[in-house]
Structures are given as structure tokens and as C-alpha cells.
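Note sheet for the following structure.
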Amino acid sequence: MNGYRPPVIATRLLIAANVLVFLLMYRDRGSFDWDNRFLLKWGGNLGALSLHGQYWRWLTACFLHANAFHILSNMTCLASFGFTLERRFGTWKFVLLYTVTGILSVFVSSVVEPNVVGFGVFL
């Protein structure tokens, strides 16, 4: 099958999930004026919390974005690299790579800056 390209379902679903969370956050707040309390409500990472039992924040923070530029740049990168990586490694390995990379990056920010609210891959 020359030219066969496997489907890239996970990349599309991850982009949709990120955008959906962003839109739900906007709907909840009514604006893009998101402070630390609001980000924590939505699962933002704070090392003081996540290192002491709220481990789920390491995953939820991966789906939060501070503003339109942040989500646009992250989803552009995800689309640019995600389609290629998912085709190369397969859907499940790509999802594992995405999840582990996200969790590890948020975990590192928990350790390095435990008193700073983090989200996405930025502090």
C-alpha cells in the first residue's frame, strides 16, 4: 500500500480536548481574566498541593492555557508535531508519550517552583 497514511485520531482529540477546556473556562469566567484561584479551581498545578496528595493536578494542568496566544501556539505545535509523531509511533504510543511528557513537565515545575501556579508547559 504505497502512500498509505494511518489515521491520526489522538492528535485531533487532544487538540479538541484542549480547546474545549479553554472554551469552558471562558464560559465559566465570562472573560480571559484568569487569576491563580481560578486556575487552581480548574486543576492548575501548585507544587504545595500536588506534591502533597493532589497528584491529579499534574495531568489536569496539561490542558490549561493562560490566554488565546498560549493555546494557539501550543495547539499549532501539537498539530505540527503530533500528526507526524502519531503516524510514526502509532496512536497509543503517541498518547503515552504526550501524557508522560506533560505530567513530567508539570511535575518538574512543582519541584522547581512549588509556590507558583503552573499550567500547560509554562509557569
Original post:
In the range 51-74, what residues are open to solvent by 50 Å² or more (accessible area, probe 1.4 Å) and over 14 Å from Leu39 (Cβ atoms)?
Top reply: Leu51, His52, Tyr55, Trp56, Leu59, Ala68, Phe69, Leu72
Original post:
Are any residues in the range 80-104 touching a residue at least 12 places away in the same chain (Cβ under 8 Å), surrounded by fewer than 18 Cβ atoms within 10 Å (Cβ to Cβ) and under 13 Å from the mean Cα position of the chain (by Cα), and if so, which ones?
Top reply: Val95, Leu97, Thr99, Ile103
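Please go through the range 1-56 and pick out each residue that is in a helix (DSSP H, G or I), over 18 Å from the mean Cα position of the chain (by Cα) and within 15 Å of Asn115 (Cα to Cα). If you could, list the steps in order and put the result at the bottom.
Within the range 1-56, the subset in a helix (DSSP H, G or I) is 9-29, 36-41, 47-50.
Next, from what is left, pick out any that are over 18 Å from the mean Cα position of the chain (by Cα): 27-29, 37, 48-49.
Hits for the range 1-56 are Arg37, Ala48, Leu49.
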**OP:** Test Arg12 against the criterion of being open to solvent by 70 Å² or more (accessible area, probe 1.4 Å) and at pLDDT 95 or above, and give yes or no.
**Re:** yes
Original post:
Does Gly44 qualify as being touching a residue at least 12 places away in the same chain (Cβ under 8 Å) and either of a type in the set (Gly, Ala, Ser) or buried (at least 16 other Cβ atoms within 10 Å of the Cβ) (or both)?
Top reply: yes
Original post:
Pick from Leu46, Leu96: which is within 20 Å of Ser110 (Cα to Cα) and aliphatic (A, V, I, L, M)?
Top reply: Leu46
**OP:** Among the residues of the range 17-41, write down those that are of a type in the set (Asp, Glu) and crowded, with 19+ Cβ neighbours inside 10 Å.
**Re:** none
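The values are calculated or read from the model by the stated rules, or taken from the named source; none is laboratory data. Please read these numbers as outputs of a predicted model, since none were measured by experiment. With ideal geometry, Cβ positions are generated from the backbone for all residues, glycine too; neighbour counts draw on all protein chains shown. Surface accessibility is based on the protein's heavy atoms, side chains included, excluding ligands, DNA and RNA. Shrake-Rupley method; radii C 1.70, N 1.55, O 1.52, S 1.80 Å.
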